[in-house]
1. Put +1 on the Cβ of each Lys and Arg and -1 on the Cβ of each Asp and Glu in segment 118-245; which of V144, I160, N126 then has its Cα farthest toward the positive end of the dipole?
2. When the Kirkwood radius is taken over all Cα pairs of segment 94-245, what Stokes-Einstein diffusion coefficient follows at 20 °C and 1.002 mPa s, in µm²/s?
3. Structure shown: which of K147/K173; K147/K196; K35/K196 lie over 23 Å apart, alpha-carbon to alpha-carbon?
Amino acid sequence: MENAQLISLSRQIALQRQMDVVANNMANINTAGYKNVDILFEEYIMPTARHKDFKTLDQPLSFTQDWATIDDFASGSIELTGNELDMAIQGDGFFVVQTPAGEMYTRNGSFQLNQRGELVTSEGFNVLADGGFLTFAPEETGIVVTKDGRVSTSQGDKGILRIAEFEDPQSLKREGDTMFSGENPIYDNSSHIAHKAIERSNVSGVSEMTEMIRVTRAYTSLASLQTKQDELRRTAIKRLGDLSA
C-alpha cells in the first residue's frame, strides 16, 4: 500500500507543477508576444532491491516525473493598434534588447519611450538597433518603421532594428514571461516588421481551460485513491490488533 501511495504522490506533485504552468499561461493570455508553455513528463522506474533468498523478483515501480518545460514558438495573431511605437515580427525572429544581464530577446513589440526619449520595452530595457539605442527628440514626429526594420522620423533615418533568429529556438532560456536569453543569434534572416501592430499571445484560452479541468479531475481522483488506501491500512491494522488480542 505504501508503494501505491508513493506512486500516487509522485503523480500529484507532477500535476501540481502542471497546474502552475497552465495557470501562468492563462494569466498571460493577453500579454503581447507571450509564448505558451507545455510541461513534459517521463516515467521514472524505481530501482528495486534483490535478494537470492526470494524466489520471485521484486516488481519495478513506475513513478511520474516532470523533467522539463517546452516553449511553443508558434506565431500569435497580429493585431493592428495604430500606435507608432508598436511593432510585431512576422517570421521566427526576436527583438534584441539590452538588459543588466546582457542582451536578451523578445517577441513583445509593445514599446514606449523613457524619460531620455529612448525606445524601451515595458520593463524599461533598451531596444537595440544597428547603431545602438534608438533615441527620439521631443520635436520628432511621424515615426515610420519599414518591413526590414528601418526606423525614420521627421528628422530622418534613425537606424535599423536588430532582429535575431536562432537555429534551435528550444535552446533559448526563458527569462520572465516574454524575455529569452540564448547564444549564437542569426541576424541575416528573413523576418519582417509589421508597424503599428503587436503580436498577441499564442495561448488558446479554450485549450488551457480544458487542460485545467482535466488536471483538476486527475488530482481529485488521486486524492480519493489515497484516502481509500489510508482506510485499507487502518482496517488492516485493526484486524491484526483483533487477532493478536
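Just so it is clear, none of the values below were taken in a lab; they were calculated from the coordinates. Note that the structure is a prediction, hence the values are computed from the model and not measured. We place every Cβ from the backbone using ideal geometry, glycine too, and count neighbours over all the protein chains shown.
1. So the residue we want is N126.
2. The calculation lands on 109 µm²/s.
3. Details: K147/K173 27 Å; K147/K196 11 Å; K35/K196 21 Å.
Correct reply: K147/K173.
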